[in-house]
Structure formats: C-alpha cells, structure tokens
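The values are calculated or read from the model by the stated rules, or taken from the named source; none is laboratory data. If you're wondering where the values come from, they're calculated on a predicted model, not measured in any experiment. Glycine gets a Cβ as well: all are built from the backbone with ideal geometry, and neighbour counts include every protein chain shown. Side chains are part of the model used for accessible areas, which takes the heavy atoms of the whole protein and leaves out ligands, DNA and RNA. Shrake-Rupley method; radii C 1.70, N 1.55, O 1.52, S 1.80 Å.
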Amino acid sequence: MWESESESAAGHTYGGGLITSSSHGVKTEGFVQRGRSWYVATDIPSDFLVQIGEASFHLHKYPLVSRSGKLSRIIYESHHLDLNKIVMDDIPGGAEAFELAAKFCYGIAVDLTAGNISGLRCAAEYLEMTEDLEEGNLIFKAEAFLSYVVLSSWRDSIVVLKSCEKLSPWAENLQIVRRCSESIAWKACANPKGIRWSYTGRTAKISSPKWNDMKDSSPSRNQQVPPDWWFEDASILRIDHFVRVITAIKVKGMRFELIGAAIMHYATKWLPGLISDTAIPGDEASNCSISNSSSSGGGSWKSGLHMIVTGTRDDTSSIQAKEQRMIIESLVSIIPPQKDSVSCSFLLRLLRMAIMLKVAPALVTELEKRVGMQFEQATLADLLIPSYNKGEAMYDVDLVQRLLEHFLVQEQTESSSPSRKSFSDMGCILNAKARVARLVDSYLTEVSRDRNLSLTKFQVLAEALPEAARTCDDGLYRAIDSYLKAHPTLSEHERKRLCRVMDCQKLSIDACLHAAQNERLPLRVVVQVLFAEQVKISNALASSSVKDVEPESHATVPNRKTLLEGTPLSFQEGWTTAKKDINTLKFELQSVKAKYMELQNDMASLQKQFDKMLKQKHASAWSTGWKKLSKLGRTTNVVENQDNSPKIPDSSELNKKTTRRWRNSIS
C-alpha cells in the first residue's frame, strides 16, 4: 500500500472529515441509543418513526423533510395526514448509513471515513438530499469527499471499493466502483518512487482508517519498492471488482507478467482447492467457506476469507461451489493472452478445479488451449487430474490427449510461421517436443497401474507424438512393462499390439537386458530386443579406437540424466528399491557378454563340423562307386586267375573223355 503526498494536505481542507448542515430546526445534543432504538436528545417529543430492519429511529418530521426529498414526498403526498411511521428496509447502507444521514439533517457533526462514505453517498442518493432543497446538502459534500480525498489515496480507494460490495447496484450507478477502480489502476501503474508506502497485510488498529490518519510506518525513500507491492491489497476485493481493477490496469499498459502474477495471487487466496487439490470437505464446509459475495464492507485487511455459520452443509457447499465457479470463470476471462503470463502449473490446477466444478465448456476449452501453448512446462503431478466420471479410468487420460493435441497444433503453427525459421527457434521446438515426450512417458507409466485403463487409450496417447520426438524409448518401455504387470489377462495379440508402439532400436543396453529377461513380453518382441542388443554389442566390440569409445560413453551420461528427470516419482521409488536388481543385472550383463563370446566360439566350432559333414556328404557317392568297382575288379581277377591256372582232371572225367572219344571213333 502507498499514500500520496497530497493526502495530508487534503485532510486539512475538509476540517478533519467532519461535516454539518448550515442550519437545523431542532436543538439537540446528539442521538441516544437504547437497545435497538435511537432517540434524539431534545426536549421536543418525536413525531416520526423510521423502521429499518430491527432498528428504529424516533425522529422529527421537520428536520427530515427539509433536507430529504424522498421523505418530504412520502409525508406530504400520503393519504394519511397523520403519518408518523415509515419502513425503509431497502435503503442502501442500512441503519448505519441512515443514522449518519439523520444526524446530518439535525446539524450534528458527521465524521466521514473511507469505510462509511460509500454507504452514506448511496443513502443520500436514496433520500434525495440534493442541492434543490438546501445548498451544501449531503450529496454534494459526500461527492466532494469522494473526489478530493478518497480517490487521491491508495488505501482509501481500496477501502471504499471493498465497502461497495453491499451497495449494488447503487455504487455502480453512482460510478463509485468505476472511479475507485481507475484510481487503484492509476496508482498501481504509477512510479512508486517518492511515495510513502507500506504493506497492508498487517492487521491495522482500526478496520476502516480515517482518510486523514497519517501513519509514519512507511520505509525510507531509498528503499526499493517491489513490483508486486499492490497484490495483497487488490486480492481482498470481490471478484467482480477485482476484474474491474485488472481491466483498468490492462488499459494503463502494465506488463502482462505482473498482471498474471496478480491473478495467480488472487486465485491462490480465494480458491483453497487450487493448492490443496481438494475442496473444503464436510464439516469444514459447513462452518467456513469463501464468501466472496457476502464479505463485509468494513475494509478488513487481514484476508478475503470470511465466516459463514448459517445454512445447512449442503446449502453451504452448493453456495461455495457456485462462488468458486464464478471466480474461475472471471479469472479465465482476464488472463493476458501472452504465452508466459501465468505458469503452466497454475493453468493445470485451474483446469482441474474448472472440470470438478463443471465450469462452462467454452471456458474449459480455452483453458486447455492455454495449457497446450506451454505444455512443455507442465509437471507430472499437475497432469494427474482425476476423472470425475464414474465407471471410467482413475485419471482423465482423454484430457491429456487433448492437451497434447493442442501442443502439437501450436508447435506446428510456430514451426511453419515465417518468423520462426532460425535454427535456434527450431532447436527450441525440438527440445520442447523431447520434454513433452518424457512427460508423456512418465504419465503413461503412472496411469498404467490403473486396471480400468483401456488398451486403446494407452496406445493412442503413446502414438500421439511423432517418432522424432523420442530419442530413447526407455520411458515408453517402462510404461509398457507397468501396463503389462497391471493387466496380466491380456491376450497374446493384445500384448503384441501394445508393444508395437515401442521401437526396440531406441532402447538402451540396460533396457534391452531387462526386456530380454522379461517374461511378460511377447516372444517376438524378445527376439527383436535380442537382435537389437546383439547389433549394439557388435558395434561396441567393433569400435577398436579408444577415442571413439570415450565420447560415446560421455554422450550416454546426459541421456540417462534426462531419462531420470522424466521418470515419475512412483516409478523412481520402484527403481530405487530395485537398485540391487539393477546391479545384479549389470553383473549378469557381463556374464551374458561372456556367454555370448562362448556361444560365438561354439557356433564357430559347430560351423566347422557342419562344413566337414557337408564335405563328407558330397564325397560319399564317389567313394561307394569306387568301392563297388574295386570289389568287382577283385572278383574278376580271381576268376581270371582260376581260368589261367592248370587243372588236374580226376579219373571219372578222364574216363568220360576217353569213352566219348572212343565212341566217336567207332561211329
């Protein structure tokens, strides 16, 4: 808060804020209160009773009709000449404002403050206390006090605008809200150098300080004023008045970062669910809620939270939900259109409350587009928005899908625009896509534990990003493994369909080792992983130069760091508990490499044996043929040898031959 140099001078102009009428017809020493009734301290008995709610004022007709056109018209135009009572429950400002107006009519000095001037001004307008009845009537003096005293002070402008919350529509019609809003906007945008200021977050001694109260509690002139000095004061206003102030500040040309910070400060104060992620439940809601429309106009500077002790729990909850819905809709409408005016985390938390409170669909869509503009700045905790539709998944995966689509459309628009053709801008776009890819993989890992999450939603969200966005698929593999673990009843076809979104060539060696021993993966995927691992090991063994190996090892370090950054907290906890398993897996990796070398040696020996067997098979036909030929040759030689050897005939053969010869000779 700050006060201008002219405030002290303005205070002396109006005689300490005391105003009186120039003449009065009834001599009195003041008003006397007895219970809920007010009496004029005079010897003349009262002849007129004004009833306002439970308060009653025993007054005299003449002082009232001489300065109030409304009372004069009611009394003299009434059909009852002896009218001595009137009920005025609709007077703005209530009994407090009428008491001050009645004192003014009797010529009693009235102490004007920033806390009572708005109600008194509206009551004067209601009572028609114009200059036509008396010069220097209440309307004129109240307007002068507003224009020359209140609007020149930051603190008084805040107090008056706060007190206008119960004076609608009178304060709007009399331009009190507009003038105070513009005054606050002008002072918020002005250079605070040379101005005495102090924060109003402290509890003041009085709730509505007088306009001429000068407190010397401000810091020295040399102390630098922070740019957010006005946030706390502006945040006590009701949402419609805060919107008026922010709109006026935009017209003055304040930086959009400051406007966005003021909006976030206001939302944090008036929407407790924005931080705690839950609305005020049960018994607390029946006793305490945000009463944005029924807050007091006395200018309390502690905070904008007020107590509600009336009504049932359901009524209070519905009223609170309605007020919070109105606050969200109003804040969304005044957020600056620039990209980084508010943080992505704030937009996501606001979006969560908007969905929970069923804000207008058009405003929810607008919020989704705003989140898509800076989706790379989101965190996993902010993305875990629960699904409020019964029977569906635990988290709203469709919402994240829409946010990702808005992001891709925005990136496509920026990359195709002529003003974003430089290499640095293109690099920023690629980095943003990489960050979003890690974020989506972490989100998939977190939501995959939900048994109600369908395979189609998981697959569609995983495939929404282009292939170039992921340089490493380790995060996606963790999500797939987590989904398979939570859904053990998937068929072989569904598991193949799920693993199709992953590129085995983009897995690291550690991930390949884990996947090779993962029994939940389909056999075909395990074969692909083994092939990819074999290719990587072969490439690593083929690199003979140490200079080529060192940069590669250094290059893998930042990739692992970035993967750890994109890993969700719950999965990080799982990895920390499995550190021993990872160490053993690394040891097994070495053993697998050794076994791989042994298998290569065994394969080489088997290949030699196989080649040897092939040679024997080709030579078998010729060998058997030659064996047959050699055997046949041996038999023929035996026969020939037998034919060529001399034979010794036996006696029978000789006898036959000789006998035959003899017979032949005889014949």
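In the set Leu120, Leu133, only one residue is open to solvent by less than 10 Å² (accessible area, probe 1.4 Å), on the phi < 0 side of the Ramachandran plot and of a type outside the set (Ser, Thr, Tyr); that residue is Leu120. Just one of (1) more than 20 Å from Glu467 (Cα to Cα); (2) open to solvent by 60 Å² or more (accessible area, probe 1.4 Å) fails for Gln528. It is (1). Looking only at residues in the stretch 469-490 that are part of a loop (DSSP other than H, G, I, E, B) and open to solvent by 50 Å² or more (accessible area, probe 1.4 Å), the one that is farthest from Val447 (Cα to Cα) is Thr471.
Among the residues of the stretch 395-416 satisfying the criterion of being more than 15 Å from Val447 (Cβ to Cβ), of a type in the set (S, T, N, Q) and in contact with a helix residue (DSSP H, G or I) (Cβ under 8 Å, 6 or more places away or on another chain), which is least open to solvent (accessible area, probe 1.4 Å)? By that ranking, first place goes to Ser415.
Is it the case that Asn583 is modelled with pLDDT under 80 and closer than 20 Å to Gln505 by Cβ?
no
Is it the case, given these coordinates, that Ser330 is part of a helix (DSSP H, G or I), farther than 22 Å from Pro386 by Cβ, open to solvent by 10 Å² or more (accessible area, probe 1.4 Å) and modelled with pLDDT of 90 or more? Yes; evaluated as a whole, the condition is true for this residue.
Given the residues Leu112, Leu59, which is the only one that is touching a residue at least 40 places away in the same chain (Cβ under 8 Å), buried (at least 22 other Cβ atoms within 10 Å of the Cβ), closer than 17 Å to Ser37 by Cβ and touching a strand residue (DSSP E or B) at 6+ places or on another chain (Cβ under 9 Å)? Lay out the reasoning, then the answer.
On the way: Leu112 fails: closer than 17 Å to Ser37 by Cβ.
The conditions single out Leu59.
Kindly check whether there is at least one residue in the stretch 363-373 that is among the polar types (S, T, N, Q), at pLDDT 60 or above and within 18 Å of the chain's Cα centre (by Cα). Yes: one or more hits.
Of all residues in the stretch 131-189, how many are assigned to a helix (DSSP H, G or I) and either more than 44 Å from the chain's Cα centre (by Cα) or charged (D, E, K, R) (or both)?
Total meeting the criteria: 19.
When the stretch 168-187 is examined, which residues are found to be more than 16 Å from Val149 (Cα to Cα) and open to solvent by less than 10 Å² (accessible area, probe 1.4 Å)? Those that are more than 16 Å from Val149 (Cα to Cα) and open to solvent by less than 10 Å² (accessible area, probe 1.4 Å): Ala171, Ala185.
Filtering the stretch 243-257 down to residues that are closer than 17 Å to Val342 by Cα and either of a type in the set (Asp, Glu) or part of a helix (DSSP H, G or I) (or both), which residue is nearest to the chain's Cα centre (by Cα)? Here the answer is Glu257. Residues of the stretch 382-394 that are open to solvent by 70 Å² or more (accessible area, probe 1.4 Å) and either of a type outside the set (Ser, Thr, Tyr) or free of Cβ contacts under 8 Å to residues at least 12 places away in the same chain (or both): Asn389, Lys390, Gly391, Glu392, Met394.
Within the stretch 433-461, residues that are within 21 Å of Thr379 (Cα to Cα) have Cβ atoms under 6 Å from residues that are basic (Lys, Arg) in these pairs: Ala437/Arg470; Thr445/Arg478, counting only partners at least 6 apart in sequence or on another chain.
Every residue, every condition in (1) open to solvent by less than 10 Å² (accessible area, probe 1.4 Å); (2) within 20 Å of Phe242 (Cα to Cα); (3) of a type in the set (Phe, Trp, Tyr), yes or no:
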site: Asp340; (1), (2), (3): no, no, no
site: Ser345; (1), (2), (3): no, no, no
site: Leu351; (1), (2), (3): yes, no, no
site: Leu363; (1), (2), (3): no, yes, no
site: Arg370; (1), (2), (3): no, no, no
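The set of residues from the stretch 318-327 being more than 17 Å from Val245 (Cα to Cα) and open to solvent by less than 20 Å² (accessible area, probe 1.4 Å) comprises Gln320, Glu323, Gln324.
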